[in-house]
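**Student:** Here it is, the structure, as structure tokens.
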């Protein structure tokens, strides 16, 4: 089943604490995830990983439960994995749009790409 959601990204305490070492496993754990509420997770079949697609790209991340999220809202902490699915056009302000992005989420058995693998995927 494909879940249609509105994607938002933002800073988290854990993401901020690990900013100084972006190649660490702690940074990956803090940023390579997607939070959904319990009902949305159940609709997906309670997978460990999900693939998120927007018109700007797709990425596989670890799924985390956050019962405080409203249904239909997906949250990814700011970082390289979120950057893979946000609009790269900064419209002259230097910051991409991190909120209100239409997205589709599917369960997947694919693993999360490591930072170097993710960067290599987008290197052109």
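Rule-based calculations on the coordinates, nothing more; no lab input. Here the structure is a predicted model, which means the values were calculated and not measured. Here Cβ is always computed from backbone atoms with ideal geometry, including for glycine, and neighbour counts include all displayed protein chains.
**Student:** Treat each spin label as a single point 7 Å out from the Cα along the C-beta direction, and report the residue 110 to residue 68 distance in nm.
**Tutor:** The two pseudo-label positions are separated by 3.1 nm.
**Student:** Given bins 5 angstrom wide, list per bin the percent of all Cα-Cα distances in region 3-122, short to long.
**Tutor:** 2, 12, 23, 25, 22, 12, 4, 1, 0
**Student:** Suppose the Debye formula is applied to equal point scatterers at every Cα of region 28-82; what is log10 I(q)/I(0) at q = 0.30, 0.32 Å⁻¹?
**Tutor:** Log-scaled intensity ratios, in q order: -1.32, -1.38.
**Student:** Still on this structure, I have one more. Using the basic label-point model (7 angstrom from Cα toward the beta carbon), what is the residue 14 to residue 56 distance in nanometres?
**Tutor:** With each label placed 7 Å out from Cα toward Cβ, I get 2.3 nm.
**Student:** Sticking with this structure for a sec: When DSSP beta bridges are limited to those with both residues in the chain, what percentage is antiparallel, rounded to the nearest 5?
**Tutor:** Details: 18 of 27 bridges.
Here the antiparallel bridges make up roughly 65 percent for the chain.
**Student:** Go ahead and set up a Gaussian network model of the chain, Cα springs under 10 Å, then flag whichever of 62, 51, 111 fluctuates most.
**Tutor:** Residue with maximal mean-square fluctuation among 62, 51, 111: 111.
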